[in-house]
Amino acid sequence: MTYVMSDIHGQYDKYLAMLDKIAFSDDDTLYILGDVLDRGEEPVELLWDMSLRPNVIPILGNHELIASTLLRQLCVEVTEENAETQITKELLYSIAAWRENGGDTTLAGFRRLAQEDREALLDYIDEFLPYEVLTVGGNRFILVHGGIPYESRKTPLDEQPLLTLLEHRPDYLMRYFDNAYLVTGHTPTLHIGTAGSGNAYIGKIYRGHGHIAIDCGAGFGLPLGCIRLDDFCEFYVQ
């Protein structure tokens with residue numbers, strides 16, 4: 001079976017509970033659409049667990065991109081010779097903004113690791129895919145953390161800017177493809193809906209107009225959602 005979840009944001013306990021709930025086995029495949037880091041208490045433990053599972057396929061999120069960029073700079077030994085070029089105002093501002101957006105828990109987790117384990121996890125993040133396209137049960141799925149603009153939907157994915165794939169928020173009321181589902185995280189589903197629909201998707205996966213949005217807000221205390229692509233069955237862990 002093929003499963004997808006996203007935006008776990010350090011909720012390691014919810015992640016493990018979800019694996020139990022779906023009875024995840026070596027015969028299954030799980031795609032995680034990014035943003036496993038930051039906010040929650042155990043992002044590094046979650047990342048380490050993922051790295052040990054060959055049938056868990058990670059797709060890059062904006063939080064991984066920011067964290068890995070800054071952590072690599074912080075891993076460089078600062079000496080008297082390189083201090084002026086290594087420690088810049090831009091780096092300090094970027095670290096402050098990252099920490100304000102939930103990076104404290106990731107930073108703390110990396111500090112507890114031995115240097116070789118830090119390098120191993122940063123190398124693992126480098127292996128995250130920018131997107132994935134697959135066919136399951138006769139249906140075609142495009143998996144990406146953020147999305148693509150409606151006006152560039154016909155542009156090949158490998159020609160889309162990386163930051164667009166990671167940060168763009170699709171128009172979930174517009175159908176992008178006639179022959180594929182666009183599966184995304186990044187945008188909490190409570191923000192999706194038509195005028196007057198209220199909070200119909202709080203803590204729930206959104207499906208409509210050829211979209212499947214699976215960021216249910218686990219990083220903000222809402223349930224973690226997971227969908228099985230074989231039959232569109234949805235699973236939730238509070």
The number of residues in the range 29-70 that are over 12 Å from Y15 (Cβ atoms), aliphatic (A, V, I, L, M) and not in a strand (DSSP E or B) is 9
Scanning the range 166-181 for residues that are in contact (Cβ under 8 Å) with a residue 40 or more places away in the chain and either polar (S, T, N, Q) or in a helix (DSSP H, G or I) (or both), the one surrounded by the most Cβ atoms within 10 Å (Cβ to Cβ) turns out to be L166
When the range 212-236 is checked residue by residue, the ones that are in a loop (DSSP other than H, G, I, E, B) and buried (at least 16 other Cβ atoms within 10 Å of the Cβ) are I214, D215, C216, G217, L222, P223, L229
- prompt: For E159, are the conditions met, namely being closer than 23 Å to L65 by Cβ and exposed (fewer than 14 other Cβ atoms within 10 Å of the Cβ)?
  reply: yes
query: Got at least one residue in the range 182-204 being surrounded by 14 or more Cβ atoms within 10 Å (Cβ to Cβ), closer than 20 Å to G138 by Cβ and out of contact with any Ser or Thr (no Cβ under 6 Å at 6 or more places or on another chain)?
result: yes
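In the range 105-151, how many are in a helix (DSSP H, G or I) and either in contact (Cβ under 8 Å) with a residue 60 or more places away in the chain or not aromatic (F, W, Y) (or both)?
Narrowing the range 105-151 to residues in a helix (DSSP H, G or I): 105-111, 115-126, 150-151.
Then drop every residue that is not either in contact (Cβ under 8 Å) with a residue 60 or more places away in the chain or not aromatic (F, W, Y) (or both), which leaves 105-111, 115-126, 151.
Final tally of qualifying residues: 20.
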Of the candidates L224, L182, L165, the one satisfying the condition of being touching a Leu at 6+ places or on another chain (Cβ under 8 Å) and on the phi < 0 side of the Ramachandran plot is L165
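Quick note: the coordinates plus some simple rules give every number you see, no bench work behind them. Here the structure is a predicted model, which means the values were calculated and not measured. Heads up, the Cβs are rebuilt from the backbone with ideal geometry, glycines too, and the neighbour counts pull from every protein chain shown.
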